[in-house]
Structure formats: C-alpha cells, structure tokens
1. In the range 188-204, what residues are surrounded by 20 or more Cβ atoms within 10 Å (Cβ to Cβ) and not in a loop (DSSP other than H, G, I, E, B)?
2. When the residues of the range 244-278 are filtered to those that are part of a loop (DSSP other than H, G, I, E, B) and among the β-branched types (V, I, T), which remaining residue is farthest from S56 (Cα to Cα)?
3. Find the residue count for the range 62-86, including only residues that are within 20 Å of T123 (Cα to Cα), surrounded by fewer than 22 Cβ atoms within 10 Å (Cβ to Cβ) and polar (S, T, N, Q).
4. For the range 141-167: of the residues being outside any strand (DSSP E or B) and basic (K, R), which is surrounded by the most Cβ atoms within 10 Å (Cβ to Cβ)?
5. What number of residues within the range 205-216 are buried (at least 24 other Cβ atoms within 10 Å of the Cβ) and either over 14 Å from the mean Cα position of the chain (by Cα) or in a strand (DSSP E or B) (or both)?
6. What are the residue pairs meeting all of these: first residue in the range 264-283, first residue within 12 Å of S303 (Cα to Cα), second residue among the acidic types (D, E) and buried (at least 16 other Cβ atoms within 10 Å of the Cβ), Cβ atoms under 7 Å, and 6 or more apart or on different chains?
7. If I ask for residues that are hydrophobic (A, V, I, L, M, F, W, C) and more than 28 Å from G102 (Cβ to Cβ), which ones from the range 45-62 would you list?
8. Just name the residue that is farthest from the chain's Cα centre (by Cα) out of those in the range 116-144 that are of a type in the set (D, E, K, R), more than 21 Å from P99 (Cα to Cα) and modelled with pLDDT of 95 or more.
Amino acid sequence: MSKRMIKIAVSAALAAAAALTVAAPAGATSPHGPLADVRVATHFDLSAGQMPENISLLPDGTANVTFAASRQVAQITPAGRTRILATLPAPADGGADTPVLGFPLATGIVHTSDGTGYVLYATGTAELTGLWRLRPGKAPRRIAALPAEGLPNGLALDRRGEQLYITDSVLGTVWTVPVTGGTPTAWSTAPELSSTGFLGVNGAKVHGGALWVTNLDRGTLLRIAIRPGNRAGAPEVKASGLVGIDDFTFTGRGDEILAALNGPNTVVRIRPGSTGTTVLDGTDGLQNPTSVALRGNDVYVLSAAYTTATDPNLLRARLRTHP
C-alpha cells in the first residue's frame with residue numbers, strides 16, 4: 001500500500017469513528033494550566049509515513065518513537081534531530097488484512113534500563129504480528145507472537161516483575177509476557193476493555209501496583225490492580241467522558257494524569273474524580289495527539305496528524321512546579 005493510500009485509510013477510519021463518538025472533554029479550557037514554555041520542537045515527514053504513535057524517553061532526554069505508517073522506530077535527540085533506528089519487515093500482502101486500519105503499523109514502545117527496546121507491530125499476519133525486541137546494533141527480532149486478528153497497541157513495563165503488558169484494541173484484551181519473551185497470557189478480557197465499533201483498550205501504564213489503561217471508544221480511564229501471582233483485578237473506572245483518549249502519562253503528583261485525546265485534538269489534565277481539563281489544543285500545534293511522556297518536568301507530546309494530515313510533530317513543554 002502506498003503512503004498516500006495509508007493516509008487515506010487512516011483518515012477514513014478515524015473520521016468514521018469520530019462521526020460516531022465525537023464528544024468534547026468535560027471541564028473548562030485552561031491556557032496551558034500546569035504547562036509552560038509550550039513549543040513544537042520537531043516536525044516529521046508525513047509523506048514518508050512518519051506518523052508518530054508512541055514514545056519512550058531515555059535518561060538524557062532522547063526520545064525513541066514509533067512511526068506508525070512507515071513501520072519504523074526512530075530516535076529524536078534533545079536538539080530535535082531524527083534518526084531511524086529500525087524498520088520492521090513488511091508483510092507479503094502489504095498488511096491489507098490488518099484489522100480496522102488495513103495497513104501494517106508500529107505501535108507501543110518501551111525500553112529497559114540496559115537500553116533494550118520493545119515494540120509492538122500489527123500486520124494482520126501470523127508471521128509478523130507481535131512483540132519485537134530491539135537491541136543496539138542488531139536487527140529487530142520478534143520475541144512473542146500475538147493474534148493476527150488483533151491490534152496490539154499499548155505497551156507497559158512493570159520493572160519490578162519484569163513483565164510487559166500489551167493492550168489489544170480490537171480483541172479487547174490485555175496480554176502479559178515476560179521481558180524475555182515467550183507465549184503471551186491473556187491477563188484480562190474484562191468487558192470494560194472492549195470497543196464499541198472502532199478501537200477499545202488503548203494506552204497503558206504501570207503505576208501504584210496497578211495497570212492503568214484507556215479505552216478510546218468508551219472514553220474511559222481504568223485502573224486494574226496487579227494482584228499476587230500477576231493476576232488481574234477487576235477494572236475500576238477512574239475517569240470518563242474522554243472519548244478519543246489515547247495514551248497518557250502520570251505527572252508524579254499522585255494519580256494526576258496528562259492524556260492525549262486524538263479526535264478532539266487536545267491534551268487534558270485528569271485529576272482524581274475529574275473528567276479532564278484541557279491544557280493544550282490545536283492552537284498550540286497539536287495534530288491528533290497520540291501519546292504523552294514526562295521526564296522530570298519536561299513534557300513530550302506526539303501528534304500523528306492522522307486526520308488533520310498537516311504536520312505530524314513533537315511538542316515540548318515544561319511542567320510547572322506550582323501549577
């Protein structure tokens with residue numbers, strides 16, 4: 001599939017979903033609220049399929065990101081330069097059978113303290129769909145196969161238990177697999193994870209003894225306790241009314257969160273018991289934000305321009321010490 005056809009497919013799918021579920025986040029819009037020094041730091045090449053989907057930050061502020069449509073993993077230096085680290089192999093059929101979207105895409109990314117990266121790849125084929133490991137100087141290697149009929153999307157690392165958690169937005173499942181790889185286990189298939197027609201469970205983070213996930217279609221933020229023996233608790237809805245919610249990050253202030261709302265084109269701050277207050281929007285340079293990350297007080301926001309089709313980018317900001 002050509003880059004132009006990929007853009008058309010993504011735009012059509014997301015536009016159709018938006019037509020069914022568009023809703024503005026509750027809460028008043030705040031001019032940046034807890035954020036300062038907001039600026040677009042890096043622009044990406046839309047024609048090359050550089051639609052940034054997910055981000056993992058290294059200790060020096062370097063960002064490793066996945067480019068969904070080009071099947072690539074890239075490194076963005078603190079100075080804003082982009083370097084391609086790896087390109088995942090293309091499926092023989094071009095990925096036309098990839099569920100919902102119809103093209104192969106790189107999605108979630110995390111890394112361990114030794115610099116090893118882990119990336120999710122959805123292709124609609126049994127040979128390639130799954131969890132891939134990236135080690136410096138070596139070719140990407142798949143270490144866990146996932147169902148071809150699913151769409152692995154969000155990826156979270158529990159450093160204490162050395163477990164990875166994988167959200168499947170089509171199958172409504174959270175999978176778990178050790179960092180060493182192997183056969184994934186269906187950790188949770190709770191109904192709260194399912195979609196309502198487009199994509200269900202999405203972003204994922206381990207925080208406070210639990211796996212926190214979002215559901216894009218349902219507009220919810222969920223907490224799932226990690227019980228002894230790596231068993232899943234029942235999902236608790238921690239926030240709702242956030243249709244289009246994608247990935248997110250914790251600010252370090254308890255359970256406070258900054259989350260990307262893809263369709264509404266906003267980033268919201270979610271405090272316990274709230275539905276979200278907008279802190280960034282299109283006037284700041286957002287172009288369908290997909291993920292948010294935090295290193296110290298430095299905030300990183302990726303925008304994929306899936307439906308705006310204008311300017312995929314990396315936005316940088318600073319988290320105020322006293323918002």
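The values are calculated or read from the model by the stated rules, or taken from the named source; none is laboratory data. The structure presented is a predicted model; accordingly, all values stated were derived computationally and were not measured. Every residue, glycine among them, receives a Cβ derived from its backbone with ideal geometry; neighbour counts consider all protein chains shown.
1. Within the range 188-204, S188, L193, V201, N202, G203, A204 meet the criteria.
2. Initially, the range 244-278 is screened for residues part of a loop (DSSP other than H, G, I, E, B), giving 244, 251-256, 262-265, 271-276.
Narrowing the set further to residues that are among the β-branched types (V, I, T) leaves 251, 275.
Numbers: T251: 15, T275: 26 Å.
Among them, the one singled out is T275.
3. 1
4. R159
5. Just the residues of the range 205-216 that are buried (at least 24 other Cβ atoms within 10 Å of the Cβ), to begin with: 211, 213-216.
In the following step, the residues that additionally are either over 14 Å from the mean Cα position of the chain (by Cα) or in a strand (DSSP E or B) (or both) were identified as 211, 213-215.
Of the residues in that region, 4 qualify.
6. Going by the 7 Å Cβ cut-off, the qualifying pairs are N265/D281; T266/D281.
7. L57, L58
8. Narrowing the range 116-144 to residues of a type in the set (D, E, K, R): 127, 133, 135, 138, 141-142.
From what is left, the residues that are more than 21 Å from P99 (Cα to Cα) are 133, 135, 138, 141.
Add one more test, that the residue is modelled with pLDDT of 95 or more, and what stays is 133, 141.
On the way: R133: 17, R141: 21 Å.
The selected residue is R141.
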